[in-house]
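Asks: What follows is a single structure, and I will ask about it in a moment.
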Amino acid sequence: MAMTLQNKDADGDRFRLPHRQDLAPKKGAKSLNVGIIGAGIAGLTAAIAMSQSGHDVEIFERSEFKSEIGAAISCPPNSFRILQFYGIDVASARGGEYKSAVYYDSKEPETKDYLEFSGYRSRYKAPWAFFHRVDLHNELRRLAVQPPDGDRKPAKLRLSSSVKDVQLDGTIVFQDGRTIKKDLVIAADGIRSAFLSQVVGHDVYPEHYMSMIRFLIPSDEFLNLPEARCHFERGMTSLNIVKGGDKSIVFYPCREGTLLNVGVLTPPEVCKSADGDDLPLTQDLIDNATKDFHSVYNGLYRLKDTFGQWKLFRRAPLSTLAKGKIVLIGDAAHPMPPLRAQGAAAAIEDAAALGVLFSDLESANEVPGRLEAFNKLRVRRVGGTQVLSSLHEWDPLKLPQEHTKYFDGKVPYTHQEIDDWFYDYNLITKALEVLQECQTSKEPN
């Protein structure tokens with residue numbers, strides 16, 4: 001079912017968005033030469049947003065995009081609004097909509113509790129959507145390099161372009177020795193970003209917080225299992241969580257409900273030997289990770305013969321996301337576990353923030369001021385997102401005092417307050433407010 005964005009709020013204007021063309025460059029505006037390192041969700045969304053604001057964008061991706069990789073991805077209301085603002089075609093991306101989260105007993109699947117999402121459309125004027133990561137990636141790539149006629153400049157995508165170094169003056173150094181200089185470099189190269197230390201001035205190491213075994217299975221094969229009949233009774237529109245001690249299994253549909261994304265989340269030590277070495281992904285390892293769950297869950301992997309194993313990291317929030325002409329976005333800036341489904345959402349917010357803040361430029365000399373505005377807008381927001389996403393059980397009373405700054409003194413206590421903190425946030429409106437402050441501050445008195 002096609003989803004539409006409602007941008008007029010009867011109770012106020014907090015979800016009202018400008019027209020996309022309002023961000024198009026005005027006559028005489030400066031067009032920057034922008035280099036983006038990494039063509040994942042963050043990099044491609046940044047390419048769309050920056051080209052919408054009139055800039056010449058070149059994306060450098062080390063891979064060749066030859067094989068389909070990745071599993072499913074959640075898109076909560078705060079990021080869904082942004083994707084539709086920039087023209088994502090949900091039908092082309094084969095997206096769906098969550099109506100509820102269902103929590104199952106790990107031993108008795110018939111015992112379950114529902115958390116309804118059906119009110120999100122009315123409360124946040126956007127749904128919680130889900131996609132196969134590859135489908136969303138393909139749609140973002142299409143919009144970046146083949147925008148609708150006259151909508152924006154197409155970005156240039158350079159595959160098999162491995163970047164060795166980025167200098168603070170915007171010089172990009174490739175592995176083959178070539179160099180190119182940009183007015184702005186957006187580092188969207190993931191958790192192992194090679195350019196993090198350039199921005200923060202020292203090495204920063206993430207903590208291996210969780211491990212995940214992930215695979216995709218055909219939905220109909222699961223539903224044909226006699227013991228699976230108590231699942232998806234309301235249709236293929238639910239996020240399903242099974243908790244078993246310090247492990248959990250999460251599964252939800254993607255690709256118009258034809259596939260189930262399955263993730264088995266475990267403590268890091270489950271996937272390590274007694275000596276601390278990483279264990280190879282075998283059926284024995286999966287059996288050990290799921291042995292305490294009902295047979296309908298620990299037998300899921302038998303419906304699939306290809307698996308992936310991921311380390312999930314967390315890292316202390318950074319105090320700055322930009323330096324010189326380099327800005328970090330996505331996992332390069334703020335890795336986090338998937339406990340709040342905000343990893344990709346935060347990356348999409350980053351990208352849109354850059355697009356708005358770098359609209360209506362008069363000169364390349366404004367880049368430092370706009371990056372300062374990006375820090376003002378994003379540092380506390382992503383810090384709070386990382387903090388909330390890094391704890392299995394949220395206890396605000398145990399929140400370190402130094403982390404309260406990320407919430408502007410209004411630390412969320414209840415589940416509803418947490419939802420509101422994430423989903424009520426209108427990034428594009430907030431970015432426009434910061435942009436106006438930035439432009440006002442440079443006007444002569």
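The values are calculated or read from the model by the stated rules, or taken from the named source; none is laboratory data. Because the structure is predicted, anything quoted here is derived from the model rather than measured. Cβ: placed from backbone, ideal geometry, glycine included. Neighbour counts: every protein chain shown.
Asks: Consider Leu328 carefully, then state whether it is within 30 Å of Ile172 (Cα to Cα) and of a type outside the set (Val, Ile, Thr).
Replies: Yes: the conditions hold for Leu328.
Asks: Scan region 298-339 for residues that are touching an Asp or Glu at 6+ places or on another chain (Cβ under 6 Å), modelled with pLDDT under 95 and either of a type in the set (A, V, I, L, M) or farther than 18 Å from Leu388 by Cβ (or both) and jot them down.
Replies: Selection gives Leu303 alone.
Asks: Also: Would you be able to tell me the number of residues in region 159-188 that are more than 23 Å from Gly54 (Cβ to Cβ), assigned to a loop (DSSP other than H, G, I, E, B) and not polar (S, T, N, Q)?
Replies: 5
Asks: Same structure again: Give region 91-122 a look and list any residue that's under 30 Å from Gln21 (Cα atoms), surrounded by 15 or more Cβ atoms within 10 Å (Cβ to Cβ) and out of contact with any strand residue (DSSP E or B) (no Cβ under 7 Å at 6 or more places or on another chain), or say none.
Replies: Scanning region 91-122 gives Tyr120, Arg121.
Asks: List the pairs whose first member sits in region 121-137 and is over 12 Å from Arg81 (Cβ atoms), whose second member is of a type in the set (Lys, Arg), and whose Cβ atoms are under 9 Å apart, counting only residues at least 6 apart or on separate chains?
Replies: From region 121-137, the pairs are Phe131/Arg94; Phe131/Arg255; His132/Arg94; His132/Arg255; Val134/Arg255; Asp135/Arg94; Asp135/Arg255; Leu136/Arg94.
Asks: Here is a further query. Restricting the search to region 103-124, which residues are within 22 Å of Asp424 (Cα to Cα) and of a type outside the set (Phe, Trp, Tyr)?
Replies: Those that are within 22 Å of Asp424 (Cα to Cα) and of a type outside the set (Phe, Trp, Tyr): Leu115, Glu116, Ser118, Gly119, Arg121, Ser122, Arg123.
Asks: What is the residue count in region 206-245 for residues that are without any contact (Cβ under 8 Å) to a residue 24 or more places away in the chain and assigned to a loop (DSSP other than H, G, I, E, B)?
Replies: Residues that pass the stated criteria total 4.
Asks: Something else now. Please find, among Arg214, Arg141, Arg133, Arg178, the residue that is buried (at least 17 other Cβ atoms within 10 Å of the Cβ), out of contact with any His (no Cβ under 7 Å at 6 or more places or on another chain), more than 22 Å from Val250 (Cα to Cα) and of a type outside the set (A, V, I, L, M).
Replies: Values: Arg214 fails: more than 22 Å from Val250 (Cα to Cα); Arg133 fails: more than 22 Å from Val250 (Cα to Cα); Arg178 fails: buried (at least 17 other Cβ atoms within 10 Å of the Cβ).
So the residue among Arg214, Arg141, Arg133, Arg178 that is buried (at least 17 other Cβ atoms within 10 Å of the Cβ), out of contact with any His (no Cβ under 7 Å at 6 or more places or on another chain), more than 22 Å from Val250 (Cα to Cα) and of a type outside the set (A, V, I, L, M) is Arg141.
Asks: Applying the selection to region 342-371, what residues are surrounded by fewer than 20 Cβ atoms within 10 Å (Cβ to Cβ) and touching a Cys at 6+ places or on another chain (Cβ under 8 Å)?
Replies: Answer for region 342-371, where residues must be surrounded by fewer than 20 Cβ atoms within 10 Å (Cβ to Cβ) and touching a Cys at 6+ places or on another chain (Cβ under 8 Å): just Gly369.
Asks: Still on this structure, please answer the following. Would you point out the residue of region 411-433, among those that are within 30 Å of Asp22 (Cβ to Cβ) and over 17 Å from the mean Cα position of the chain (by Cα), that is surrounded by the most Cβ atoms within 10 Å (Cβ to Cβ)?
Replies: Across region 411-433, the extreme among qualifying residues is Ala431.
Asks: What residue, of Leu377, Leu391, is in contact with a helix residue (DSSP H, G or I) (Cβ under 8 Å, 6 or more places away or on another chain) and surrounded by 21 or more Cβ atoms within 10 Å (Cβ to Cβ)?
Replies: Numbers: Leu391 fails: surrounded by 21 or more Cβ atoms within 10 Å (Cβ to Cβ).
Exactly one of Leu377, Leu391 is in contact with a helix residue (DSSP H, G or I) (Cβ under 8 Å, 6 or more places away or on another chain) and surrounded by 21 or more Cβ atoms within 10 Å (Cβ to Cβ), namely Leu377.
Asks: Give me the strands (runs of 3 or more DSSP E) completely within region 21-123, filtered to those with at least 1 residues that are among the polar types (S, T, N, Q), ordered by residue number.
Replies: In region 21-123, the matching strands (runs of 3 or more DSSP E) lie at 33-37, 72-75, 100-105.
Asks: On to the next question. Are there any pairs, at least 6 apart or on different chains, whose C-beta atoms fall under 8 Å, with the first in region 154-169 and over 21 Å from Gln198 (Cβ atoms) and the second basic (Lys, Arg) and outside any strand (DSSP E or B), and if so, which?
Replies: Hits for this filter: Leu157/Arg141; Ser160/Arg62.
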